[in-house]
1. Could you give every pair whose Cβ atoms fall below 8 Å, whose first residue belongs to the stretch 29-40 and is under 14 Å from Arg113 (Cα atoms) and in a loop (DSSP other than H, G, I, E, B), and whose second residue is among the polar types (S, T, N, Q) and modelled with pLDDT of 90 or more, counting only separations of at least 6 or pairs across chains?
2. Could you list all residues from the stretch 60-93 that are assigned to a loop (DSSP other than H, G, I, E, B) and not polar (S, T, N, Q)?
3. Report yes if Ile92 is hydrophobic (A, V, I, L, M, F, W, C) and crowded, with 20+ Cβ neighbours inside 10 Å, otherwise no.
4. State whether the residues of the stretch 4-25 include one that is modelled with pLDDT under 95, basic (Lys, Arg) and surrounded by 12 or more Cβ atoms within 10 Å (Cβ to Cβ).
5. Does Val136 meet the test of being without any contact (Cβ under 8 Å) to a residue 40 or more places away in the chain and not in a helix (DSSP H, G or I)?
6. Identify all residues within the stretch 94-129 that are aromatic (Phe, Trp, Tyr) and assigned to a strand (DSSP E or B); write none if there are none.
7. So Asp139 ticks every box in (1) surrounded by fewer than 12 Cβ atoms within 10 Å (Cβ to Cβ); (2) under 14 Å from the mean Cα position of the chain (by Cα) but one. Which box is left unticked?
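The values are calculated or read from the model by the stated rules, or taken from the named source; none is laboratory data. Since the structure is predicted, the reported quantities are computational estimates derived from the model, not experimental observations. Cβ placement follows ideal geometry from the backbone for every residue including glycine, while neighbour counts extend to all protein chains displayed.
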Amino acid sequence: MFSKIMLSIIGCSVLFGSQSYVVDKTKVANLVMKDTKLSFKEIEGYQNYKIVATHFRTDKNEIRYILANPIAFNALKDKKVLMPDGSKIVKIGWSVKEMPTFPSALEADTIQRVEYMIKDKTKHKESDGWGYARFVKKDGVYKAWDGDIQSCVSCHALVESNDALFTKYQFMY
């Protein structure tokens, strides 16, 4: 059900642009990351954030929809180099499958993970102002990722000159 709701939201966002979208009030699980203490509840309502980009991770065979809360959305749209505190970037990773109606295309299948970054230079001094969280979905249930959050910090350090963001605003209106 959640997958169908998310696909509807994504479809509406893409079709109708940044001004019109469906409001989804789905509640998220009350999970907390062991290292950062960031909770899934921190981004409750993320389904209503605006899509700013998509990525395909070949190593995971996964399509990712990148969403931004209003603070991050405005900063990305305005091509700010540094994101302001309060910015939230959410990455939703979906497995892919062959599209039954168009076999030479792939489409999102099931959610594999929801990850997010939140900018707070005071709380997250040790990681260039960003806090990281990952919630993995297996057998229909989300669990807080128990890996080492330093892997997120190390990976995002590759794009330090872009305030640790791989994402660039991809939509033009």
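1. Sorted first by the residue in the stretch 29-40, then by its partner, the pairs are Leu31/Ser39; Met33/Ser39.
2. Our first condition is that a residue be assigned to a loop (DSSP other than H, G, I, E, B); within the stretch 60-93, this holds for 60-61, 69, 78-87.
Of everything in the stretch 60-93, those that are assigned to a loop (DSSP other than H, G, I, E, B) and not polar (S, T, N, Q) turn out to be Lys60, Asp78, Lys79, Lys80, Val81, Leu82, Met83, Pro84, Asp85, Gly86.
3. Numbers: hydrophobic (A, V, I, L, M, F, W, C): yes; crowded, with 20+ Cβ neighbours inside 10 Å: yes.
So Ile92 fits the description; yes.
4. Step one: list which residues in the stretch 4-25 are modelled with pLDDT under 95, which gives 4-25.
Next, only the ones that are basic (Lys, Arg) stay: 4, 25.
When the remaining residues are screened for being surrounded by 12 or more Cβ atoms within 10 Å (Cβ to Cβ), the result is none.
Within the stretch 4-25 (the criterion being modelled with pLDDT under 95, basic (Lys, Arg) and surrounded by 12 or more Cβ atoms within 10 Å (Cβ to Cβ)), the answer is no, since none of the residues qualifies.
5. Working: without any contact (Cβ under 8 Å) to a residue 40 or more places away in the chain: yes; not in a helix (DSSP H, G or I): yes.
Yes.
6. Step one: filter the stretch 94-129 for residues aromatic (Phe, Trp, Tyr), giving 94, 102, 116.
Of everything in the stretch 94-129, those that are aromatic (Phe, Trp, Tyr) and assigned to a strand (DSSP E or B) turn out to be Trp94, Tyr116.
7. Looking at each condition in turn, Asp139 falls short on (2).
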